[in-house]
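Participant: Take this structure first; my questions come after.
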Amino acid sequence: SGAASGAAGVDGAAGSRVSSGTAAAAAVLVLASAWYWRYDGINRYYQDYAGLGYESCEIGETLCFGDDYIDTGLRALGYSIAAEGFDIVEYEAVAEELGYTATMIEPPERVAIVEVTLKNDGSTDPGVMLPELMLHGLDFYTDMNLGLLVELNPVLEGNYGISLPDNSECRLTLPYNLRESQLSKSAWSGLDELSVLLQVTAYPTTKEIVLQ
């Protein structure tokens, strides 16, 4: 009887341990399921919105904006762009040639000049804000020189954006500031061999033109 009672006690303790173990396992499963659900949800969110696609082309090739966003939520559906040339020149030389005398707080030492042809193949979007086209390398981004942009492109009539009539195109010169303070010493000394790209759209697909 005592043995039976002891056996019953062992069985009860074992049952208790099994029940506790089952409950713990269930709790872990619930936590794991919750974690996976959250991870999967976050992953899907970034997959949808973080811009995982990538497309690039070379100078002379045409890149369509498509239904991708440029940078600030603006689209240029129906527009396309092709880079026709790229050069890096001294800022003072460009300013002197244009007779450009506006004072800048921090004038660049050099300027990257990108010659592009912008086309409208039947777009109903407002147009393209040119400063949203970002110039960058592997470890730097730089801004457009807005003063030179207006001077180099009289067609803009003092504006920074352009809207083209249907089935028309326009040749534009895009100037970007290159400041020694923004680049590493090695990058600045090897500027003419540095990898340089023009970002045309940001998301969902990043589209870029390889300039150098």
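Participant: Collect the residues in the stretch 78-90 that are open to solvent by 10 Å² or more (accessible area, probe 1.4 Å) and not aliphatic (A, V, I, L, M), keeping them in residue-number order.
Facilitator: GLY78, GLU84, GLY85, PHE86, ASP87, GLU90
Participant: A further question follows. Looking only at the stretch 156-212, which residues are among the small types (Gly, Ala, Ser) and either within 12 Å of LEU135 (Cβ to Cβ) or not in a helix (DSSP H, G or I) (or both)? First the steps, then the outcome.
Facilitator: Just the residues of the stretch 156-212 that are among the small types (Gly, Ala, Ser), to begin with: 158, 161, 163, 168, 181, 184, 186-187, 189-190, 195, 202.
The answer is GLY158, GLY161, SER163, SER168, SER184, GLY190, SER195, ALA202.
Participant: Residue pairs, Cβ under 7 Å, 6 or more apart or interchain, first in the stretch 112-126 and more than 30 Å from GLY190 (Cα to Cα), second of a type in the set (S, T, N, Q) and part of a loop (DSSP other than H, G, I, E, B). List them.
Facilitator: ASN120/ASN167; ASP121/ASN167; GLY122/ASN167; PRO126/SER163
Participant: With the requirement that a residue be farther than 8 Å from LYS207 by Cα, open to solvent by 80 Å² or more (accessible area, probe 1.4 Å) and either under 12 Å from the mean Cα position of the chain (by Cα) or modelled with pLDDT under 95 (or both), what does the stretch 54-71 give you?
Facilitator: ASP67 - this is the single residue of the stretch 54-71 that is farther than 8 Å from LYS207 by Cα, open to solvent by 80 Å² or more (accessible area, probe 1.4 Å) and either under 12 Å from the mean Cα position of the chain (by Cα) or modelled with pLDDT under 95 (or both).
Participant: With in contact with a helix residue (DSSP H, G or I) (Cβ under 7 Å, 6 or more places away or on another chain) and not basic (Lys, Arg) as the only criterion, which of THR206, THR173 stands out? Spell out how you get there, then give the answer.
Facilitator: On the way: THR206 fails: in contact with a helix residue (DSSP H, G or I) (Cβ under 7 Å, 6 or more places away or on another chain).
Step by step, each of THR206, THR173 is checked, and only THR173 is in contact with a helix residue (DSSP H, G or I) (Cβ under 7 Å, 6 or more places away or on another chain) and not basic (Lys, Arg).
Participant: So for the stretch 161-184 (the condition being aliphatic (A, V, I, L, M) and farther than 27 Å from THR124 by Cα), does at least one residue qualify? First the steps, then the outcome.
Facilitator: Taking the stretch 161-184 as the starting set, the residues that turn out to be aliphatic (A, V, I, L, M) are 162, 164, 172, 174, 178, 183.
Subset that is farther than 27 Å from THR124 by Cα: 178, 183.
Yes, that holds for at least one residue.
Participant: Output the residue which, of all residues in the stretch 129-141 that are open to solvent by less than 70 Å² (accessible area, probe 1.4 Å) and within 13 Å of the chain's Cα centre (by Cα), is farthest from ALA112 (Cα to Cα). First the steps, then the outcome.
Facilitator: Keep residues of the stretch 129-141 that are open to solvent by less than 70 Å² (accessible area, probe 1.4 Å), which gives 130-137, 140.
From the residues that got through so far, the ones that are within 13 Å of the chain's Cα centre (by Cα) too are 132-137, 140.
Working: GLU132: 16, LEU133: 13, MET134: 12, LEU135: 9, HIS136: 11, GLY137: 12, PHE140: 13 Å.
If we take residues in the stretch 129-141 being open to solvent by less than 70 Å² (accessible area, probe 1.4 Å) and within 13 Å of the chain's Cα centre (by Cα), then GLU132 is farthest from ALA112 (Cα to Cα).
The values are calculated or read from the model by the stated rules, or taken from the named source; none is laboratory data. It should be emphasised that the depicted structure is a prediction, and the values quoted were computed from it without experimental measurement. Note: ideal-geometry Cβ built from the backbone for every residue, glycine included; neighbour counts use all protein chains shown. SASA here: full protein model, heavy atoms, side chains in, ligands and nucleic acids out. Shrake-Rupley method; radii C 1.70, N 1.55, O 1.52, S 1.80 Å.
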